[in-house]
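Here is the structure we will look at, set down as structure tokens.
The values are calculated or read from the model by the stated rules, or taken from the named source; none is laboratory data. On a predicted model such as this, the values are computed, not experimentally measured, just so you know. FYI the Cβ positions are ideal-geometry reconstructions off the backbone, even for glycines, and counts take in every protein chain you see. Ligands, DNA and RNA are stripped out before the accessible areas are found, and what is left, the full protein with its side chains, is counted by its heavy atoms. Shrake-Rupley method; radii C 1.70, N 1.55, O 1.52, S 1.80 Å.
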Amino acid sequence: MSPLLLLRVHADLRLGLGHVARALALQDAWRALGGHACIAVSGDARARRVGGGTHPFLDQPLPCDAVDLGEDPHAPLPADLKARADVVLVDQWDTTAAFLEALRPLKVAVMEDDTDAHETADLLFQPYLEGVNWPDHPVKVVDGRKVRPFETTSGTCRVLRGSSFIVVDKAALDLRPKRMPLQPLAVHKLLVTFGGSDGPNLAQKAFDSLARLVAEDRWRGTCTLLAPNGIQGEPFAGCTVARGLPDLTRRIPDFDALWCSAGVTLAEALCLGVPVAAWGQNERQHGILADLALANGCFNLGLGPEADLAIVGGALAQWLGPEGQDNRQEQVRDGMALVDGRAAARIAQELWQLAERFA
């Protein structure tokens, strides 16, 4: 009988739909191995849509089963669903040891945790929070197992760290260029997006920054700005404002560069060889971006809600212009090395092995 993977996610104004997007990529990789998957989602109205079986970004059914758990991020799994499952992956940012313990006797994996709660789980994936840049060698043999530097333990929980576990949509892997793209002298086409909810309303601040650059003749490109909450003010010359772009992953290669927050879109841009300037939406994202920037994966513009627009504008003008060409080209090289598009398959393999040990 094919093993059943439960993907436990949460969607609300703070988290947006990034965790749901990651679940969709993982269920695809899991089903490619021959398993069945079910997305168990809690949250606001977006969760109702997903839990009802409708794709969050397209007007079509989900490719796997789904169940709506209501608004509570710690809502328990239905008993019949839990009885049929083999392994559960919890990916909802906030979790507790009690919540994870309640998922037993299932094998439990967690995606990202900056507390000690994961120590009650079997497996933790830390693509960002303990550093993105981990080498594959040297290999040590511990208790008869080969252990690479990116692997460690926390209590009885096995921990896998680094960018090899940064998940992107399968479309990003399919579209990934065979050769490293060359950056133009200056960015002509810029995509600006801070997620499907943009709780801090960073789109407005980005609009104001770019409008000033254009008014001062410090940048002459065009931009597509995705603003789910709308924009105050008339679009400047070359600016197109929209609430969203369908099938966004496939649209990313149409642009010379992105300005976005930490999340799936940033990861997909790195995979596709499109340079990224990034704003953190909160302190946790800011830490992630700082580490990515240390690995030269992106241009870190700091914490968006607290940004000084004059300073941001000056830095952005240089990055978008001829002075920034070399930096953008190096970020393309290093970003593609960090995110190779195969993380979903790696994670699915790890979860499959976990399910086999459970069986």
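Condition first: more than 20 Å from the chain's Cα centre (by Cα), of a type in the set (Val, Ile, Thr) and on the phi < 0 side of the Ramachandran plot. Can you find one or more residues in region 44-60 that meet it? Taking every residue of region 44-60 in turn, at least one turns out to be more than 20 Å from the chain's Cα centre (by Cα), of a type in the set (Val, Ile, Thr) and on the phi < 0 side of the Ramachandran plot.
A quick yes/no check of all residues on (1) touching a strand residue (DSSP E or B) at 6+ places or on another chain (Cβ under 8 Å); (2) outside any helix (DSSP H, G or I); (3) open to solvent by 40 Å² or more (accessible area, probe 1.4 Å); (4) more than 30 Å from Gly34 (Cα to Cα):
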site: Asp291; (1), (2), (3), (4): no, no, yes, yes
site: Ala310; (1), (2), (3), (4): no, no, yes, yes
site: Arg328; (1), (2), (3), (4): yes, no, no, yes
site: Gly335; (1), (2), (3), (4): yes, no, no, yes
site: Ile347; (1), (2), (3), (4): yes, no, no, no
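Scanning region 63-92 for residues that are touching a His at 6+ places or on another chain (Cβ under 7 Å) and open to solvent by 20 Å² or more (accessible area, probe 1.4 Å) yields one hit, Pro73. Answer yes or no as to whether Arg179 is farther than 19 Å from Leu303 by Cα, open to solvent by 60 Å² or more (accessible area, probe 1.4 Å) and touching a residue at least 40 places away in the same chain (Cβ under 8 Å). So Arg179 does not fit the description; no. The residues in region 122-148 that are assigned to a strand (DSSP E or B) and among the polar types (S, T, N, Q) can be counted, and the count is 1.
Scanning region 177-219 for residues that are at positive phi and of a type in the set (S, T, N, Q) returns a single hit, Asn201. Candidates in region 1-55 are the residues that are surrounded by fewer than 17 Cβ atoms within 10 Å (Cβ to Cβ) and of a type in the set (Lys, Arg); of these, the one that is farthest from Gly244 (Cα to Cα) is Arg31. Only one entry in Leu191, Leu202 is of a type outside the set (Gly, Ala, Ser) and closer than 16 Å to Phe255 by Cα, namely Leu191.
Surrounded by fewer than 15 Cβ atoms within 10 Å (Cβ to Cβ) and within 21 Å of Ser164 (Cβ to Cβ), is that true of Asp114? Here the answer is yes, as Asp114 does meet what is asked.
Among residues of region 306-330 that are within 18 Å of Ala293 (Cα to Cα) and among the basic types (Lys, Arg), those with a beta-carbon under 8 Å from a residue that is open to solvent by less than 60 Å² (accessible area, probe 1.4 Å) and in a helix (DSSP H, G or I) at least six positions away or on a different chain give the pairs Arg328/Trp319. Does Glu119 satisfy the condition of being in a helix (DSSP H, G or I), open to solvent by 60 Å² or more (accessible area, probe 1.4 Å) and more than 18 Å from Gly287 (Cβ to Cβ)? Taking the combined requirement at face value, the residue satisfies it. For the structure I just gave you, tell me whether Lys170 is within 19 Å of Ala307 (Cα to Cα), open to solvent by 10 Å² or more (accessible area, probe 1.4 Å) and not polar (S, T, N, Q). No: the conditions fail for Lys170. Restricting region 182-192 to residues that are open to solvent by less than 50 Å² (accessible area, probe 1.4 Å) and in a loop (DSSP other than H, G, I, E, B), the residue that is nearest to Ile231 (Cα to Cα) is Val187.
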